[in-house]
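Readers should treat all values here as calculations from the given coordinates under stated rules, not as data from a laboratory. All figures in this text were calculated on a predicted structure; none of them were measured in a lab. Glycine gets a Cβ as well: all are built from the backbone with ideal geometry, and neighbour counts include every protein chain shown.
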Amino acid sequence: MDTDAGLIYEGDPALQAPILGALRSVVDPEMALNIVDVGLVYRVTVDEARVHLLMTMTSAACPVADVILEDVQDALDRVLPPQLAVEVELFWDPPWTPERLSPRARAFMGW
């Protein structure tokens, strides 16, 4: 299922709202927007054992990548059942571009 900002969610529908809410609580400090609206999260896949997140940063040299990844893990740990492992895969191809910004993020930035 596609959500705003191009994020694709696959898996248990009962977990979609808590997962997306948790991800929206994580802020990219450089942009002062949540990582879903920035378009950093490409795909969330949930199965019986894990939540797999495919995400990127605005650049490979992002100085706050470790902070964002730790915040993602913490936010998901707060809302997921304890038997689900969280696996975050960081990738760079295709690279992030401003076209990934949600309409809300574009409005916030005056674009």
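Numerical summary
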| read-out | value |
| --- | --- |
| In degrees, nearest ten, helix 13-24 long axis to first principal axis of the chain (Cα) | 40 |
| Convex hull volume per residue for the chain, taking Cα atoms only, in Å³ | 92 |
| Nearest-ten-degree value, helix 65-79 long axis tilted from longest Cα axis of the chain | 40 |
| Fraction of beta bridges assigned by DSSP in the chain that are antiparallel (%, nearest 5) | 45 |
| Simple label model, 7 Å out from Cα along Cβ direction - Ala49 to Trp111, nm | 3.8 |
| Ellipticity estimate at 222 nm from DSSP helix runs (n ≥ 4, -39,500 (n - 2.57)) divided over the chain, nearest 500 | -10000 deg cm²/dmol |
